[in-house]
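Note sheet for the following structure.
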Amino acid sequence: MPLTVRVITPDKTVWDGDVEEIILPSTSGQLGILGGHAPLLTALDTGVIRVRPDKDWKSIAVMGGFAEVEQDEIKVLVNSAEAGDDIDKETAKADYSAAQSRLEEANKTGEASEQMKATSAFKRARARLQAAGGLV
């Protein structure tokens, strides 16, 4: 039983199609959805959505938002999103390394506001690298 999935940002639709399965990065952990799932509304963390339209999985980096599941329809409303196929892996690796260094430096200084910014940047960079197919 296919699921209809729409991943929508304020300025574009990143995914709109049928899938057999979806895995969402909810704030309480990874959440797998198959056809016939009970209605659900969940907050999403910065991470990677994985959709399986056929035998192969597709990845989408998302930067927080919400997902609603109702009658085999999933609406994902996020602050921003990027399909893994559209992300340059080498650029994503460089961004990840830079974000990791920034986070390590922020943790050394102990300044709370810089730690929060660095942690957020690190999570975004990690999600983009994972969606691009890099191992993290």
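The values are calculated or read from the model by the stated rules, or taken from the named source; none is laboratory data. The structure displayed is predicted, hence computed values, not measured ones. All Cβ positions, glycine included, derive from the backbone under ideal geometry; neighbour counts span all protein chains shown. Accessible surface is based on the protein model in full, side chains and every heavy atom, while ligands, DNA and RNA are left aside. Shrake-Rupley method; radii C 1.70, N 1.55, O 1.52, S 1.80 Å.
A few comments on the model shown:
- R126 accessible area, assembled protein chains, probe 1.4 Å, Å²: 80
- Net +/- balance of residues flanking V19 in space, Cβ distance below 12 Å, scoring K and R +1, D and E -1: -3
- For the residue pairs K89/K117; K75/K117; K93/K117, the C-alpha atoms sit more than 26 angstrom apart in K75/K117.
- Mean ellipticity per residue at 222 nm, deg cm²/dmol - from DSSP H runs of n ≥ 4 across the chain, formula -39500 (n - 2.57): -10500 deg cm²/dmol
- Remark: spin-label model distance E20-K75 equals 2.8 nm, labels positioned 7 Å along the Cα→Cβ axis.
- For K93, solvent-accessible area (1.4 Å; no DNA, RNA or ligand), Å²: 90
- Local net charge near L31, Cβ-Cβ under 12 Å (Lys/Arg +1, Asp/Glu -1): -1
- Separation of the L34 and F66 label points, Cα + 7 Å toward Cβ, nm: 2.8
- Pairwise inverse Cα distances across the range 86-131, averaged and inverted, put the Kirkwood hydrodynamic radius at 10.6 Å.
- Summed residue charge, Cβ within 13 Å of R6's Cβ, Lys/Arg positive, Asp/Glu negative: -4
- C-alpha center-to-center spacing [the range 21-35, the range 112-136] in angstrom: 20
- With the simple model of a label 7 Å out from the Cα in the direction of the Cβ, S97 to I8 spans 4.0 nm.
- Of the three principal axes defined by the Cα atoms of the chain, the extents in descending order read 51, 28, 26 Å.
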